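Visitor: Provided herewith is a single structure, encoded as structure tokens, for subsequent inquiry.
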Amino acid sequence: MAKKTVTASKLNIDRTMVDKDALTVIEKLQSNGFAAYIVGGGIRDLLLGKKPKDYDIVTDAEPEKIRKIFSRNSLIIGRRFKLVHVIFERHDPERSAKNGYPTFTKHIIEVSTYRSKKVHNHAVSEHGRILVDNNYGTINEDAFRRDFTINALYYDPIAEVVIDYHDGIKDIENKTLRIIGNPHERYLEDPVRVLRAIRLSEKLNLAIDENTYINFRNVKHLLINEPKGRLFEEMVKILMSGSSVKIIVELHELGLPRRVFNLFDKIMFHARPDEFALEVMQRTDNRINDGEDVSLIYILSGLLWQTVNHFWDHEKVIGAHFRQGLIDAIAKTKNLIFNSGITRNLYTGMRDIWLLQLEFEYPGITRIDHLLKHNRFRQALHLFNLRNDFHQINKETHDWWDKYLLAEENELRLELLKKLPKSEEQKTNKKKKRKRRKKRNTNEIENFNE
């Protein structure tokens, strides 16, 4: 395919939408004698009139040279293909106001080196997947190595030009997703491209080219051989896409092999998917599409809540104390959690959200202050409210929390604290204590009479 160079003004690209840190990286690389472009999702979003969330930059500078240019503010990562993370610090006004002192967050710009067409035999698995890809080449070789035509566009915001090697601009205009090169070979190189194709088509409302789609069924079984961490990254991208429900439907219809996504196997890939988890995903999609923030920890805790709750109900049936029962139920879910690629850090946050359900469901005067100050309070409240929508919460308890959280005056809150709702389990335990106390008093009277 012939190289085309188009001015950014002809494509109505607004340079002011480009992130200032991405511009800084490109300017610095170019001032050091290297080429540098925004590539992939960043330029694709700009062409679609959207403000990109992430920026990938590609250059002819090798990782070690990039690292030398940005020195301590950069880090080389990756084994399969080396990348450089250039790290910036940004002032966070919201967190600064909350903490009472200036607070900064890290902003990372990912920089990669042009990839070569040449791949050594020892760097390819028995299934054809590229295991090591640190062979560097030219920009036209790099363009061929990109997965889809819409991801093979190169934007230079300094010169204000877009370079197109595979008619990606035309495919964006025609709302088409098309793979570069021989589809079967490209999927063998990287089976995850099947997942990316479905995710991008649903997220961007693109029709998958027939030649791109027809090979899905012949290579989908190779996804089982992908590293757990890599598949987890793809799962997160699906959940944070704003189109997760539609993507899940497509993956289910494709007949994705079991164990590719253990989490989806458990809750989604059935004739009757988990309605609670489905609602979590739908509400997440809505929030993302409305430009609101979402929390991955909350999403994962919501997706797995019914699994935890099922075990918790069982623990209650066999007579376990409600707190210990929930702890045991969470422990029974750990295998599924870690087999799904969920990290221990994420698990800790999920566990906090689940355990805080106890504070909501069985409120106590001495625990309320702890709950309100907990850093997972807001996420735990969202789960509590969703549980109420599914009739899992005593109405009296939920109504009490509504009044308490809306009350602005301390006096009103103190009045509400005098009317703390009692759970059925607490009422039952109280009756048992009364009976035991009454029996003991009767025996004491009998002993006294004797």
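Visitor: On the basis of being within 30 Å of LEU414 (Cα to Cα), free of Cβ contacts under 8 Å to residues at least 12 places away in the same chain and of a type outside the set (D, E, K, R), does HIS374 make the cut?
Guide: Here the answer is no, as HIS374 does not meet what is asked.
Visitor: Something else now. Among (1) assigned to a loop (DSSP other than H, G, I, E, B); (2) under 29 Å from the mean Cα position of the chain (by Cα); (3) surrounded by fewer than 19 Cβ atoms within 10 Å (Cβ to Cβ); (4) hydrophobic (A, V, I, L, M, F, W, C), where does PHE34 come up short?
Guide: Only one criterion is unmet by PHE34, namely (2).
Visitor: For a quick check of your reading: which helices (runs of 4 or more DSSP H) sit entirely within the range 299-405 and have at least 3 residues that are surrounded by 20 or more Cβ atoms within 10 Å (Cβ to Cβ)?
Guide: 305-317, 322-339, 344-361, 377-389
Visitor: Of (1) touching a Gly at 6+ places or on another chain (Cβ under 9 Å); (2) outside any strand (DSSP E or B), LYS28 satisfies all except one. Which?
Guide: If we test LYS28 against (1) touching a Gly at 6+ places or on another chain (Cβ under 9 Å); (2) outside any strand (DSSP E or B), just (1) comes out false.
Visitor: Tell me yes or no: at least one residue of the range 208-228 is touching a Gly at 6+ places or on another chain (Cβ under 7 Å) and crowded, with 18+ Cβ neighbours inside 10 Å.
Guide: no
Every read-out reported here was derived from the displayed coordinates using simple, explicitly stated rules and does not represent laboratory data. This structure is a prediction, so every number in the text was calculated from the model and none was measured. Virtual Cβ from ideal backbone geometry, glycine too; neighbours counted across all protein chains shown.
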